[in-house]
Protein chains: 4
Amino acid sequence: MVIWAFSMKSDKKSNPGDYILRARYADTDQMGIVHHARYLEWFESARGHLIRATGYTYKDLEGKGYLMPVLEACVSYIKPVEYDDLVRIRTRVIEASRLKIKLEYELTRDGEEEIRTRGYTLHCFMNPQGKPVRVGKDILDIFQSIM
Amino acid sequence: MVIWAFSMKSDKKSNPGDYILRARYADTDQMGIVHHARYLEWFESARGHLIRATGYTYKDLEGKGYLMPVLEACVSYIKPVEYDDLVRIRTRVIEASRLKIKLEYELTRDGEEEIRTRGYTLHCFMNPQGKPVRVGKDILDIFQSIM
Amino acid sequence: MVIWAFSMKSDKKSNPGDYILRARYADTDQMGIVHHARYLEWFESARGHLIRATGYTYKDLEGKGYLMPVLEACVSYIKPVEYDDLVRIRTRVIEASRLKIKLEYELTRDGEEEIRTRGYTLHCFMNPQGKPVRVGKDILDIFQSIM
Amino acid sequence: MVIWAFSMKSDKKSNPGDYILRARYADTDQMGIVHHARYLEWFESARGHLIRATGYTYKDLEGKGYLMPVLEACVSYIKPVEYDDLVRIRTRVIEASRLKIKLEYELTRDGEEEIRTRGYTLHCFMNPQGKPVRVGKDILDIFQSIM
């Protein structure tokens, strides 16, 4: 049983990190709903969007030599999303250290409160040669500013 | 921390459910490794391959009106896989009831023992109208035969 | 050699059908650029966006029993697009009859004029049973309004 | 109208470059058929499979500094393919020079003769810095051996 650290319901204030997207036809499968693997791509975009709110972008981080591969990803699919639905993903950094970052995601249809999907991803920092690295305080500060 | 129920290492006997695939170029991202979302598509294929070993196919199940949407999916990315790598996925049913099925996946490079990715997916049974259903003993038997 | 029917360069006026998106990490491959298959997903979204400008949506069309499968798709990749690039896709209906619709797409980076990718897709109308159908004047009018 | 250079029908002899795959659930969309963008991923795999028949792999070519980005891709979708279908892709090099390679693809369901999809891709050679290059006779010979 996956335990979630934050809940959008208990915190309804607007969030600059909210990411809005429209489900594409290519996101669906023959069950008539968005395929479960696509949510990981959506969370990735939501993550990039949240980081952008700090003034840095994930692209900047890669440019400085800090890649953030996914160590662990879990998704709980509560209610499906369909083609053309406008969805809102609220992302939050829930753990941040010089070695690892953990983010949580809550997905609703835009304008609704009912959470349809939640998930988390755990990341380390890695250099371009593929070795795990500790980041400096400047990088840690970026992530702590969006916790 | 995700806790895994079975280990390929402790059970080296050959498994008819092993699924072999070659990582495609389209599976990679600019980090030079297979993108983390693609493993869910691979696990899905590995799951279909395991079910086929029973004499039924997942397509047959959908034909009988039993869809198996994913309720939960978790993946632990231990070591990456690269373009053109030949990978082996060992799949096992670890929980089976008339309401839910849980499967675990272990991924190695073919010919190696080191587990590079593991994951699980939890499924319910759903009818074509989208309602959860209890399956009969005949369907449950299919999944119990591959535990 | 593919011959293109319209050119964004020769028609700089703003277009309500312009569709803006940001290239996702999952869109890239190990060449460090957006994978060529993804453009077809982007064009599909751009197409849906253009149709929406008529007041109808592609979802509405499917709801009325008119599916629009792709009969032919061609893409010319002139210059690549990278992760995090903001791209603009200008879409136009270039042929419309009761049997078939052809659309063309031109992709630039937002704020630039240089065309990086162009493509077309040809569609027929099909009923939910998979048979090609002729649409009525009302449906044809929708597409002619965005030529 | 796209004109195709070769036809599987007129050449039924077995081909070492034939590539067999099974359509995945994730390949489908809500139309209940394989999504049109996925064929480009399949053709890419079929291309890699054909090159492998020469003793070299596309990975080897990239290792030598010769990337082969797609300049142009066209697909003609004649009849759809469904989930779990076993499909066969016959690939052939139809043009080869020191600057460009063109390949054609014909897709049938395994065991059938009816062509369901055909397509071509045109590629140049590019160095890792993104500049087009002319390859030596050794590389050209690889492609000419599979024409």
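Things to note:
- Tally, over the range A:17-48, of residues that are part of a loop (DSSP other than H, G, I, E, B), aliphatic (A, V, I, L, M) and more than 7 Å from every other protein chain (Cβ to nearest Cβ): 2
- Of all the listed residues (B:TYR19, B:TYR39), the sole one being open to solvent by 20 Å² or more (accessible area, probe 1.4 Å), at pLDDT 90 or above and not polar (S, T, N, Q) is B:TYR19.
- D:ALA73 vs. criteria closer than 23 Å to D:THR28 by Cα, of a type in the set (A, V, I, L, M, F, W, C) and either touching a Gly at 6+ places or on another chain (Cβ under 9 Å) or in contact (Cβ under 8 Å) with a residue 12 or more places away in the chain (or both): yes
- Output for the range A:52-80, where each listed residue is over 19 Å from A:ARG134 (Cβ atoms) and either at pLDDT below 95 or away from chain B (no Cβ under 12 Å) (or both): A:ARG52, A:ALA53, A:THR54, A:GLY55, A:THR57
The values are calculated or read from the model by the stated rules, or taken from the named source; none is laboratory data. What you see is a predicted model, and the numbers here were worked out from it, not measured in a lab. FYI the Cβ positions are ideal-geometry reconstructions off the backbone, even for glycines, and counts take in every protein chain you see. Only protein heavy atoms, including side chains, enter the accessible area calculation; ligands, DNA and RNA are left aside. Shrake-Rupley method; radii C 1.70, N 1.55, O 1.52, S 1.80 Å.
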